Amino acid sequence: MLTFNRKKRIIFLICSYLYISITTILYAKTEFGSLSSVPKEASGLDFFYSTQGSFSSALLFFFFISVMPFIYSHNIISAKNSNFNNFMITRLGSKKTYQLKAIISNVVYSGGVFLSYRILQLVISVVIINPIDFKEETRNMMYRLPYIFSMNSILNLLFYLILSTIGVIIFSNFILSIGLFLKNSVLYYATGLILSLIFSLVPAMLMGILNIKDFVGSLFFNSIYIDTLVTPGLHTLGAYAPKFNAWYPFFGSILFFSLLTFILYKIWNRFYAE
Amino acid sequence: MKIRTKFITFITTAFILLGTSVALASSWTISSVHVPAWGGSAVTSEANVKATNSSSASFNGDVLPNSFGYTARLVDSNHASRSNTAGVYVDKTTHASGNTLTINHYGYAKVYSSNVEPNSSYVKLHFSSDSK
C-alpha cells in the first residue's frame, strides 16, 4: 500500500464522519418534524435507504458524489503532476508495480471509507429512528418488487452494502483514470462531482428525449446511470415502473464503467505515460 | 335447502360483502402538486382520510414529466412523515410500507424530485392513505 499524508487523512476522515452524522440527524429531523415524534412503527432500515442516492438529502448526496477524489486518489494525481511518483517508481523498481500498488491502495481506501460511511449511517438510523425488525421488513419487501436484490430483507441489506461498495470502488477508479489525463491537480478535485452529474443528466436526458419505455432501452439507460452503480437497487430512471430486478442494471453498470476505465487506462499507458 | 348449505351460502355472502365494504371504505384522492427542482419536495393540498388500519399507503402517477422520476411518502397535516418512501410511476400503483397514520385522520402525499433534477414540474397523481 502506498501511504501519503496519514495525519491529514485521519483529520479528513474524522471531519467527514462528523459531517455525515450531523446531516443524517438533520435529515431525520426534517422528515419527522422532530426526533421525539418519530412513530414507533417507523422503519430505521427504510430511513437508512432514504439517506442513500439521488433522492436523499442534498447535503448528503452532494457530499458523497464530491468526496470520491479526496479520499485517496488525489495523492496519486498530485504525485504524477509534481513528478514525485518518479521517486516511488525508482524505490519500487518498476512503473508497473507502482501503478498496481496505486490502484490497489485506491480500491482499499475508497471501498473501506465508503463502507464505513454506510455503516455509520445505518447505525445512526437505527439509533435515532427505530431498531430494525427484519421480519416486518421482509414482509414489506413485496412492496418494492421487482427492483430489489432479494426478498429477504437481511440479504437485501447485505447485498446493498457489498454491491454499493463495489460500485464505489469502480467509480473511484474511473475518476482516477480520468485524472491521469489532467495536468492540473486542483481540477481533479472537481471530477467526482462533474462526472457524477454527467452520468446522471445524460442518461436521464436521452431517456426523456427518446421516450424510452421498453425493457432493453430502460435497462441500458439505467446501466449507464451513476445511481445504479453507487447506490444499486434503490431508484430507477424515468416515469415508468422498472420491469427488471436490481441485478440486471447493476451488472450492466459494472460492465459499462469497468470497460470505460480499462480503455482509459490502456490509452493513457500507451500514449501519455512517460 | 339443507341447513349446512344455507350456512355455507351465508358465510360466503358475508365474506364477499365484507370485502366489498373494506374496498369501498378506502378511496383515492386525485391531486396535482408543484414539485421544485434539485431534490425539492411538495405536499399535496388535497387530503385523503384513512379508512382502514392498513399498514401501507398507495400512490399512482398520472402525469410525471421529469426524467429522473419521483418518490412519495404519506405525511400528516404537520407534514411529518407517516410512511416509508415509494417510487411513483405512471399507471402503476406502488405501496409505501410503515403507514403509521391512524383511522379517520388526514393523510397527504409528499412528492420528492431527484437531487440532480434541474427542472421543477407539475405532478398529477392519485394517492390513498390505505392499501389499494
| task | Report the residues of the range A:27-47 in range of a label on B:HIS79: point 7 Å along Cα→C-beta, backbone N strictly under 19 Å from it. | result | A:27-39
| remark: For the range A:119-125, Karplus-derived ³J(HN,Hα) couplings (6.51, -1.76, 1.60; θ = phi - 60°; whole Hz; x for glycine and proline) come out as 5, 4, 5, 5, 4, 4, 4
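Over the range A:169-274, what relative contact order in percent results from Cα pairs under 8 Å that are six or more residues apart?
Working: 92 pairs, mean separation 33.6, N = 106.
After rounding, I find 32 percent.
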| Once both labels are modelled 7 Å past Cα along the beta-carbon direction, what's the A:ASN269-B:TYR122 spacing in nm? | 5.6 nm
| What FRET efficiency comes out for the pair A:LYS183/A:TRP247, r = Cβ-Cβ distance, R0 = 60 Å, nearest 0.05? | 0.90
| task | Counting only C-alpha contacts under 8 Å and six or more residues apart, can you give the relative contact order of chain A as a whole percent? | result | 23 percent
| Among A:PHE220, A:PHE174, A:PHE251, what is the fewest-to-most ranking by other Cβ atoms within 10 Å? | A:PHE251, A:PHE220, A:PHE174
| query | What spacing in nm lies between the two simple spin-label points modelled at A:LYS96 and A:LEU13, each 7 Å away from Cα in the Cβ direction? | reply | 3.2 nm
| remark: Listing A:LEU155, A:LEU122, A:LEU264 by rising number of other beta-carbon atoms within 10 angstrom, fewest first, gives A:LEU155, A:LEU264, A:LEU122
| note | Given B:103-114, A:9-20, B:45-56, A:43-54, the highest-first ranking by average Cβ count within 10 Å works out to A:43-54, B:103-114, B:45-56, A:9-20
| said: I want to make sure I understand the PRE zone here: with the label point 7 angstrom from the Cα of A:ASN5 toward its beta carbon, which residues in the range A:101-115 have backbone N atoms less than 20 Å away? | reply: A:102-114
| query | Over the range B:24-64, what relative contact order in percent results from Cα pairs under 8 Å that are six or more residues apart? | reply | 38 percent
| task | Mind putting a number on the dipole of chain A about its Cα centre? Charges go on the C-beta only, +1 for Lys and Arg and -1 for Asp and Glu, and I need it in Debye to the nearest 20. | result | 1100 debye
| message | Using the Karplus curve 6.51 cos²θ - 1.76 cosθ + 1.60 with θ = phi - 60°, what ³J(HN,Hα) values do you get for each residue of the range A:86-91, in whole Hz, with x for Gly and Pro? | response | 4, 4, 5, 5, 5, 5
| query | Got a sec? Charge dipole of chain A, +1 on Cβ for Lys and Arg, -1 for Asp and Glu; which of A:SER218, A:TYR248, A:PHE174 is way out at the positive end? | reply | A:PHE174
| Hits among aspartates and glutamates - C-alpha to C-alpha of B:LYS124 under 15 Å, sequence gap 8 or more where chains match | B:GLU46, B:ASP62, B:ASP91
| 3J(HN,Hα) from dihedral phi, the range A:67-82, Karplus parametrisation 6.51/-1.76/1.60, rounded to Hz, x for glycine, proline | 7, 3, x, 6, 5, 8, 5, 4, 4, 5, 5, 4, 4, 5, 6, 9
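Assuming R0 = 56 Å, what is the FRET efficiency of B:HIS34 and A:SER82, from their Cβ-Cβ distance, to the nearest 0.05?
The formula returns an efficiency of 0.65 here.
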| query | What ranking do A:GLU31, A:GLU41 get, fewest neighbouring Cβ atoms within 10 angstrom at the top? | reply | A:GLU41, A:GLU31
| Under a straight-distance cross-link criterion of Cα-Cα below 24 Å, which lysines are reachable from A:LYS96, leaving out those fewer than 8 residues away in the same chain? | A:LYS80, A:LYS183, A:LYS266
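Read the figures in this text as sums done on the coordinates, not as results from a lab. Just so you know, these numbers come straight off a predicted model, no measurement behind them. Here Cβ is always computed from backbone atoms with ideal geometry, including for glycine, and neighbour counts include all displayed protein chains.
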